[in-house]
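The values are calculated or read from the model by the stated rules, or taken from the named source; none is laboratory data. What you see is a predicted model, and the numbers here were worked out from it, not measured in a lab. We place every Cβ from the backbone using ideal geometry, glycine too, and count neighbours over all the protein chains shown.
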Amino acid sequence: MNWITNYVRPRINSIFSRREVPENLWHKCDECGTMLFHRELAENQNVCTQCGHHMAITPRDRFLHLFDGGIFAEIEVPAPQDDPLQFRDQKKYPDRMKAAQKKTGEQEAMLVASGEIGRTPIVAAAQDFSFMGGSMGMYVGNAIIAAAQEAVKLKRPLILFSAAGGARMQEGILSLMQMPRTTVAVEMLKEANLPYIVVLTHPTTGGVTASYAMLGDVHISEPNALICFAGPRVIEQTIREKLPEGFQRAEYLLDHGMLDRVTKRTEMRDELITITRMLMNQPPAVKGALPAPEPAETSAETSAEDAVKE
Ligand SMILES: [Zn+2]
């Protein structure tokens, strides 16, 4: 048996450990199975370069791509009371929170920031699905109120990126209270005549779609995002009928008048710049990566055109 333990096993181990190394560097696309180099994937905002599948992106990474030069100022969110119901399922609620904080490196399921996109000042909020399913609890409610108050104070539009599995059950009725609270926050923006734009990302489901995620002046979605109140599985089991292809996906909702646009993540920034500037009565912005002076941008365009002609 010495031959097996001393020779075969180390060989087998070395083969498997060698395979472990590229796993950190390469990411497999869930949709087409292509192996994507992590740096290339991050540069493309977690969109598959082969098939265009939109993978999850953290709010912080999203903001790095969204704001000019990746610079933004985080807006502080008032902390709510910890574990008001002393909730416990298989795990205590505070333990779940600690695990989620460790996993994501974030304090809670929403990040609020102010900054500029295409030299257009905005306030943005983004929900983190990897933090307890982006669930809407008291913190998310406070975050949306803080974002709306900041937008009103600075007279800026608010752009919200939604991603949620619904209300946070560990906070019971207090999480459901966030629906009217956030609705009032959105109303504050409307009273101040400021645009409120919602970007729906995969998945936006549950109570979120019954409040702030569906109250925007403009609703844009990322491709193939699931957007619904009750999920397709629940509906299928309830009505005992097969649902149509692509039901409750972004493109289906666009066809049925629930959305204004479906836009790729890589084109979202330019689209948001156009919309916010239009709604704020500002002249059109220079597109592309900023900061870049205006004359350089036009000369780059003409040289590109010349190159095509040649
Ligand atoms: Zn793919």
request  = Output the number of the condition that MET55 fails; it satisfies all remaining conditions of (1) of a type in the set (A, V, I, L, M); (2) farther than 24 Å from THR182 by Cα; (3) more than 16 Å from the ligand (Cβ to nearest atom); (4) surrounded by 16 or more Cβ atoms within 10 Å (Cβ to Cβ).
outcome  = (3)
query = Among the residues of the range 246-257, is any over 29 Å from THR49 (Cβ atoms) and at pLDDT 90 or above?
reply = yes
query = Hey, does the range 147-163 have a residue that's out of contact with any strand residue (DSSP E or B) (no Cβ under 6 Å at 6 or more places or on another chain) and either in contact (Cβ under 8 Å) with a residue 60 or more places away in the chain or among the charged types (D, E, K, R) (or both)?
reply = yes
query = Can you tell me which residues in the range 75-84 are loosely packed, with under 13 Cβ neighbours inside 10 Å and touching a Leu at 6+ places or on another chain (Cβ under 9 Å)?
reply = GLN81
task = Kindly indicate whether any position in the range 107-120 is more than 16 Å from the ligand (Cβ to nearest atom), more than 28 Å from GLU267 (Cα to Cα) and of a type outside the set (A, V, I, L, M).
result = yes
message = When you check ALA192 against the structure, is it among the aliphatic types (A, V, I, L, M), in contact (Cβ under 8 Å) with a residue 40 or more places away in the chain and buried (at least 18 other Cβ atoms within 10 Å of the Cβ), yes or no?
response = no
message = It is to be established whether one or more residues within the range 41-49 are surrounded by 12 or more Cβ atoms within 10 Å (Cβ to Cβ), more than 16 Å from the ligand (Cβ to nearest atom) and at pLDDT 95 or above.
response = no
message = Considering only residues that are part of a helix (DSSP H, G or I) and of a type in the set (Ser, Thr, Tyr), which ones fall in the range 158-209?
response = SER175, THR182, THR183, THR209
query = Is there any pair linking a residue in the range 23-38 that is without any contact (Cβ under 8 Å) to a residue 40 or more places away in the chain to one that is more than 10 Å from the ligand (Cβ to nearest atom) and among the basic types (Lys, Arg), with Cβ under 9 Å and at least six apart or on different chains, and which?
reply = LEU25/ARG39
ask   = farther than 25 Å from MET132 by Cα, away from the ligand (no atom under 16 Å from the Cβ) and among the β-branched types (Val, Ile, Thr), is that true of ILE71?
value = yes
ask   = Name the pairs: first residue in the range 81-107 and in the same structural domain as LEU176 (by TED's automatic domain parsing) and modelled with pLDDT of 95 or more, second residue hydroxyl-bearing (Ser, Thr, Tyr) and in a loop (DSSP other than H, G, I, E, B), Cβ to Cβ under 9 Å, at least 6 apart or on different chains?
value = ALA100/SER130; LYS103/SER130; THR104/THR58; THR104/SER130; GLY105/THR58; GLU106/THR58; GLU106/SER130
